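Quick notes on the structure that follows.
The values are calculated or read from the model by the stated rules, or taken from the named source; none is laboratory data. None of the values given here were measured: they were computed from a predicted structure. All Cβ positions, glycine included, derive from the backbone under ideal geometry; neighbour counts span all protein chains shown.
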Amino acid sequence: MIESIRKELRRVIKEDLDIEVAPSEKEEFGHYSTNVAFKLAPALEKSPFEIAKELAGKLSKAKEFQKAEAVQPGFVNFWLLPAVLQKEVQKILKEKNKYGQQKAKSKKQKVNLEFVSANPTGPLTMANGRGGFYGDALANVLEKAGHKVTREYYINDAGNQIKLLGESILAAEGKIPEKEEYYKGEYIKKLKGKSAKQASAILLKEIKNSLKSAGIKHDVWFSEDNNLHKKGELKKALEFLKKKRLVEEKDGAQWLGDGVLIKSDGNPTYFLADLAYHYDKFLKRKFDLAIDIWGADHHGYAQRMKKGIESLGVKPEKLKILLTQLVRLVSGGKEVRMSKRKGEFVTMDNLLDEVGADAARFFFLMHSLDTHMDFDLDLAKEKSQKNPVYYAQYALVRCANILRKAKVKSEKLKVNLALLNSNSEVNLMLELIKLPDVLAQTTEDYQVHRLTKYAGDIAKALHNFYEKERVVGVEKDLEESRLALVSATKIVLENLFDILGISKPLKM
C-alpha cells in the first residue's frame, strides 16, 4: 500500500524522489501521511505548508483517496477510500498464506544469518534467548521476501574458553586450585571425569536440545575446531593477507591494522579465526550477505571485523553486525541476578519451563535489539489479556470461534465487501492491509520488534470490531461480508504468527 501511495505522489509531483510515507498514529491525522513537501521546499522556493496545500488539492482528486489535507508545518495527511481497503481484503482472502510475501527490492540474495553461537562451556542462559529468537524470526522475514537464508551456529570449540572449561572441571575434582575465572555451578560438578573436549560435546548437545525446545532452528553447525583449525584455514587466511602485503610484524607479533593476528607466543588470535570464518562465508561459500548477531560486549570489535573483511576483498556493507543489549530478569519488581561464570544463572530451559516458548519468544521480540530490556517474569506467566502474547493469540481464537459458530468452512470470495464501512470495520481493514508493508520495512532494516507491535495492533482492532459490530445473526449479505473480514483477519494473524514463530491456538 505504501508503494502504491508513493507512485501516486510521484505522478502528482512529476519527480522520482525517495518519498517517505507512513501510517498515521492517530485517526485525526488520516490513514497515511507524508513529509514530501519538506523535500520539495528548497528547490521550489516555497514554504512546506504552501506545497502541502497544493499537493493535498491534487491528491484529493486521485481515485485511491477519500480526501487529503495539508497540516502545519507541511505534512500531507490522506484517507483511503473504503473501496481500496475492501479490494485489499479480497486479495487477502484469495492469497491466504501467501499474502504479505514480498519480491525483494534488490535481487534475491544468498544470506548467511549467524546467531546464538554461545560458547559450549555451559547451558544456554535466558539472555541467549534474545539473539536466538530474534535471529529465528529475522530468517523467517527474509525468507518471506524471497531470499535464500542459511541459519548458522558458530561453535567456539577451540581456544582459551575450552581450556578454561577443562581446568574448571579439574578444579571441581580438587586436582588443581580454584581460580576466580573458572566456570562454576552444578553443571560443572556433573562433568567431573570428563575431558574438556568431552564436556564441550555434552554441553553442545544440551544447547541443541534447548534450542529445539525453544523452536529455534539452525541449518549449519560450524565448528571452529573442525572446520577451521584442523583444516588449516587460519594459516590460509594469514597467507592470503600476507600476499596482499597487509600483515605487519611488530613486537614479535603479526598485525592487521590495529588487530593482532598472531601473538608474540606464536598462537593465533580470535581475530584471525574470525577472519578465516568470514573468508569461508564470503569467498568459499559465496554468500551475498552475512548477518551476525552478537552480544553487547562485542561493540568495539564490530568495526574491526568490518575492516578485516575489507582486507579480504569483501565490501564491508556485505557484513551486517547486530548487537544485542543486556537483559534483566525481573520478578516481583526486583531483578533476578545472574552470573554464568559463578554458576548463578537462569537457563533457557528454566525460562521455557516457567513461561512457555510462545511467551519467551514474544517478550524478547517486543524489544529492539539495541535497547536494554527487562523481562517481566510475572507478566509473561499471566494467563490473561494483560499478557501481550495472550492478547494477540486470543484475537486469533476469537476469529476461529466466530467462524466456527457461523459454520464457515472456507473463505467466500464472492461477498459484498462494500458493506464494510463502519469505523471499526475500516480500522480493522487498515491494520490488515499493513502486513506487506510491515514485512517490506523489516526486510530492509531488520527491526523485528515491529512485528509484535503489529500483532497487538491487529488484536486491538479485531477486539474493538467484535465489541462494536454484531457478526452472526444480522442480515445475510452483511453477515457474509463481516465473516469475510473475520476470515481475512484470521489469515493475516496466522501468517504473522508463522513469521514470529509463535503457535496458532484455535482454543484457549
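Matching residues to (1) crowded, with 19+ Cβ neighbours inside 10 Å; (2) of a type outside the set (Phe, Trp, Tyr); (3) in contact (Cβ under 8 Å) with a residue 60 or more places away in the chain:
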{"residue": "10", "(1), (2), (3)": "no, yes, no"}
{"residue": "20", "(1), (2), (3)": "no, yes, no"}
{"residue": "28", "(1), (2), (3)": "no, yes, no"}
{"residue": "32", "(1), (2), (3)": "yes, no, no"}
{"residue": "38", "(1), (2), (3)": "no, no, no"}
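Take the residues of the stretch 218-239 that are more than 19 Å from residue 119 (Cα to Cα) and of a type in the set (A, V, I, L, M): which is farthest from the chain's Cα centre (by Cα)? Here the residue is 238.
Counting the residues of the stretch 120-164 that are more than 17 Å from residue 320 (Cα to Cα) and of a type in the set (Gly, Ala, Ser) gives 7.
What single numbered condition from (1) without any contact (Cβ under 8 Å) to a residue 40 or more places away in the chain; (2) under 20 Å from residue 236 (Cβ atoms); (3) touching an Asp or Glu at 6+ places or on another chain (Cβ under 6 Å) fails to hold for residue 310? Unmet for residue 310, out of (1) without any contact (Cβ under 8 Å) to a residue 40 or more places away in the chain; (2) under 20 Å from residue 236 (Cβ atoms); (3) touching an Asp or Glu at 6+ places or on another chain (Cβ under 6 Å): (3). Listed conditions (1) touching a Gly at 6+ places or on another chain (Cβ under 9 Å); (2) without any contact (Cβ under 8 Å) to a residue 24 or more places away in the chain are all met by residue 48, apart from (2).
Can you tell me which residue among 234, 228, 204, 211 is out of contact with any Ser or Thr (no Cβ under 7 Å at 6 or more places or on another chain), surrounded by 15 or more Cβ atoms within 10 Å (Cβ to Cβ), assigned to a helix (DSSP H, G or I) and without any contact (Cβ under 8 Å) to a residue 60 or more places away in the chain?
Every option except 234 fails the conditions.
Checked against the criterion of being touching a Phe, Trp or Tyr at 6+ places or on another chain (Cβ under 9 Å) and at pLDDT below 95, the candidates 332, 343 yield just one match: 343. Checking the structure you have, find out if any residue of the stretch 477-497 is more than 20 Å from residue 94 (Cα to Cα), among the hydroxyl-bearing types (Ser, Thr, Tyr), modelled with pLDDT of 95 or more and over 27 Å from the mean Cα position of the chain (by Cα). Checked the stretch 477-497: no residue is more than 20 Å from residue 94 (Cα to Cα), among the hydroxyl-bearing types (Ser, Thr, Tyr), modelled with pLDDT of 95 or more and over 27 Å from the mean Cα position of the chain (by Cα). Annotation: residue 193 fulfils all but one of (1) in a loop (DSSP other than H, G, I, E, B); (2) under 23 Å from residue 227 (Cα atoms); the unmet one is (2).
Looking at 219, 251, just one residue is out of contact with any Leu (no Cβ under 6 Å at 6 or more places or on another chain), in the same structural domain as residue 357 (by TED's automatic domain parsing), of a type in the set (Asp, Glu) and surrounded by fewer than 15 Cβ atoms within 10 Å (Cβ to Cβ), and that residue is 219.
Within the stretch 33-68, the set of residues being within 26 Å of residue 430 (Cβ to Cβ), out of contact with any Ser or Thr (no Cβ under 8 Å at 6 or more places or on another chain) and not in a helix (DSSP H, G or I) comprises 34, 35, 60, 61, 62, 63, 65, 66.
For first residues located in the stretch 106-119 and touching a residue at least 60 places away in the same chain (Cβ under 8 Å), partners that are in a strand (DSSP E or B) and surrounded by fewer than 16 Cβ atoms within 10 Å (Cβ to Cβ) and lie 6+ apart or on another chain with Cβ distances below 6 Å form the pairs 110/148. Among the residues of the stretch 1-32, those identified as part of a helix (DSSP H, G or I) and of a type in the set (Lys, Arg) are 6, 7, 10, 11. Selection of first residues in the stretch 54-72 that are assigned by TED's automatic domain parsing to the domain that holds residue 30 and of second residues that are among the hydroxyl-bearing types (Ser, Thr, Tyr) and buried (at least 16 other Cβ atoms within 10 Å of the Cβ), restricted to Cβ pairs under 9 Å at least 6 apart or on distinct chains, gives the following pairs, ordered by first then second residue: 55/34; 71/33. Restricting the search to helices (runs of 4 or more DSSP H) fully inside the stretch 314-399 and requiring at least 2 residues that are under 27 Å from residue 161 (Cα atoms), touching a residue at least 60 places away in the same chain (Cβ under 8 Å) and not small (Gly, Ala, Ser) gives 348-355.
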